[in-house]
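The values are calculated or read from the model by the stated rules, or taken from the named source; none is laboratory data. No experiment lies behind these values; they were computed from the predicted model shown. FYI the Cβ positions are ideal-geometry reconstructions off the backbone, even for glycines, and counts take in every protein chain you see.
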Amino acid sequence: MARLLIVHHTPSPHCQEMFEAVVKGATDPDIEGVEVVRKAALAVTASDVLEADGYVLGTPANLGYISGALKHAFDCIYYPCLDATRGRPYALYLHSNEGSEGAEKAVKSITTGLGWVKAAENVVVSGKPTKDDLQACWELGATVAAQLMG
């Protein structure tokens with residue numbers, strides 16, 4: 001069975017709404033043969049990443065950069081996972097109140113170094129997530145999970 005790892009830092013109600021929408025999409029009943037594992041960014045280990053076949057990353061953009069929690073996760077898993085996870089799909093959702101460009105650039109730089117392949121366009125939300133924003137989060141989770149089905 002394929003495994004999708006959702007690594008998230010969910011400190012606010014807006015991030016929580018987005019996270020829940022991603023999980024609902026990834027666990028849609030039409031998606032079969034994919035186990036969805038959720039891990040807080042501060043709790044994720046290299047073993048979690050090595051055991052997964054694809055990733056969804058979720059973070060707030062704090063002062064224009066990824067959360068310290070997600071950066072810590074990458075710091076902990078980068079070298080142990082560097083060669084073994086190349087070519088695996090990933091996607092990113094983030095919540096930003098003031099600019100997301102730095103956060104998006106950081107994730108792109110780190111995932112490029114890891115050799116991960118972007119599986120869907122980033123979902124970036126500013127302010128309270130709208131119904132369309134949450135639908136985009138659902139689609140993000142479903143898209144990555146569906147890519148792991150076959």
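Of the residues making up segment 88-141, those that are in contact with an Asp or Glu (Cβ under 7 Å, 6 or more places away or on another chain) and either of a type in the set (Lys, Arg) or within 19 Å of Leu50 (Cβ to Cβ) (or both) number 1. Against the numbered list (1) assigned to a loop (DSSP other than H, G, I, E, B); (2) modelled with pLDDT of 95 or more, His72 comes up short only at (1).
Kindly provide the set of residues from segment 50-97 that are in contact with a Lys or Arg (Cβ under 6 Å, 6 or more places away or on another chain) and either surrounded by 21 or more Cβ atoms within 10 Å (Cβ to Cβ) or among the aliphatic types (A, V, I, L, M) (or both), ordered by number. Passing the criteria: Ala52, Gly54. Taken together, Ala2, Ala43 contain a single residue that is under 21 Å from Ala106 (Cβ atoms) and at pLDDT 95 or above, which is Ala43. In segment 114-132, the residues that are modelled with pLDDT of 95 or more reach residues that are of a type in the set (D, E, K, R) with C-beta atoms within less than 6 angstrom, at least six apart or across chains, in these pairs: Gly115/Arg86; Trp116/Arg88; Asn122/Glu104; Val125/Asp133; Pro129/Glu17. Looking at segment 4-44, which of the residues that are assigned to a loop (DSSP other than H, G, I, E, B), aliphatic (A, V, I, L, M) and touching a residue at least 12 places away in the same chain (Cβ under 8 Å) is surrounded by the fewest Cβ atoms within 10 Å (Cβ to Cβ)? So the residue we want is Leu42. In the set (1) under 19 Å from Asp133 (Cβ atoms); (2) part of a loop (DSSP other than H, G, I, E, B), the condition left unmet by Asp83 is number (1). Going by the conditions given, is Ser47 in contact (Cβ under 8 Å) with a residue 40 or more places away in the chain and either more than 20 Å from Val125 (Cα to Cα) or surrounded by 14 or more Cβ atoms within 10 Å (Cβ to Cβ) (or both)? Judged against the criteria, Ser47 is not a match.
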